[in-house]
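Below: the structure, in structure tokens.
The values are calculated or read from the model by the stated rules, or taken from the named source; none is laboratory data. Computed from a predicted model, the values in this text were never measured in an experiment. Neighbour counts are summed over all protein chains in view; Cβ atoms, including those assigned to glycine, are modelled from backbone coordinates with ideal geometry.
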């Protein structure tokens, strides 16, 4: 089997293993945050940060949800990393944004964050702060979901179908899930361009 055939077959298995019920609960949370006038903060690192930026656009433009990604502000991101340390970049950004219980946090991550393994500690500290504030959390994560899966109200875990492809499948399916969500009847408020062209 070629690499392309194998990778696509793995993608089929990932789709079969996704929990549609968890994704429906995420849609409920997104509908609710818009209804109560809250904001959506999307957190991700590396490729997940790039996904967060794209998703911010979609949730704002297609779903009418006020959305932000801290990693879109590279000046603040690098200043905080340099001056305060990597582990606190998200929590301090959320403090300045005056995170409220009416808001919602969406995490994109391969591992979901782990203090024990020192992987994405910035996600963990941000989510600990969200719990203190009473802000709900949703996520799209890989592997076992790490800290995100433990504290999230709803979390789509991208199943591991090949241990050598955890990261590419996790980051690819973050995009599948958020596009599903902005297309969801409970979430979508605006017609996308090509669907509106007759």
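Taking into account only those residues within the range 44-67 that are in a helix (DSSP H, G or I) and touching a residue at least 60 places away in the same chain (Cβ under 8 Å), which is farthest from residue 112 (Cα to Cα)? Break it down stepwise before answering.
First, the residues of the range 44-67 that are in a helix (DSSP H, G or I): 47-61.
Still in the running and touching a residue at least 60 places away in the same chain (Cβ under 8 Å): 47-48, 51, 54-55, 58-59, 61.
Details: 47: 13, 48: 11, 51: 15, 54: 19, 55: 18, 58: 22, 59: 21, 61: 27 Å.
So the residue we want is 61.
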Fill in: Residues of the range 162-198 satisfying the condition of being in a loop (DSSP other than H, G, I, E, B) and over 30 Å from residue 143 (Cβ atoms)
185, 189, 190, 191, 192, 197, 198
Practice prompt. Could you figure out which of (1) in contact with a helix residue (DSSP H, G or I) (Cβ under 8 Å, 6 or more places away or on another chain); (2) without any contact (Cβ under 8 Å) to a residue 12 or more places away in the chain isn't true of residue 193?
Written response: (1)
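Just to check your reading of the model, which residue among 65, 91 is over 14 Å from the mean Cα position of the chain (by Cα) and over 16 Å from residue 188 (Cα atoms)?
Of the residues listed, the single one that is over 14 Å from the mean Cα position of the chain (by Cα) and over 16 Å from residue 188 (Cα atoms) is 91.
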Worksheet entry | Odd one out for residue 180, checked against (1) surrounded by 15 or more Cβ atoms within 10 Å (Cβ to Cβ); (2) touching a helix residue (DSSP H, G or I) at 6+ places or on another chain (Cβ under 6 Å); (3) touching a residue at least 40 places away in the same chain (Cβ under 8 Å) | (2)
Worksheet item: In the range 152-177, what residues are buried (at least 20 other Cβ atoms within 10 Å of the Cβ) and either without any contact (Cβ under 8 Å) to a residue 60 or more places away in the chain or more than 22 Å from residue 32 (Cβ to Cβ) (or both)?
Response: 152, 158, 169, 170, 171, 173
Worksheet item: So is residue 21 surrounded by fewer than 19 Cβ atoms within 10 Å (Cβ to Cβ), modelled with pLDDT of 95 or more, farther than 26 Å from residue 122 by Cα and touching a helix residue (DSSP H, G or I) at 6+ places or on another chain (Cβ under 7 Å) or not?
Response: no
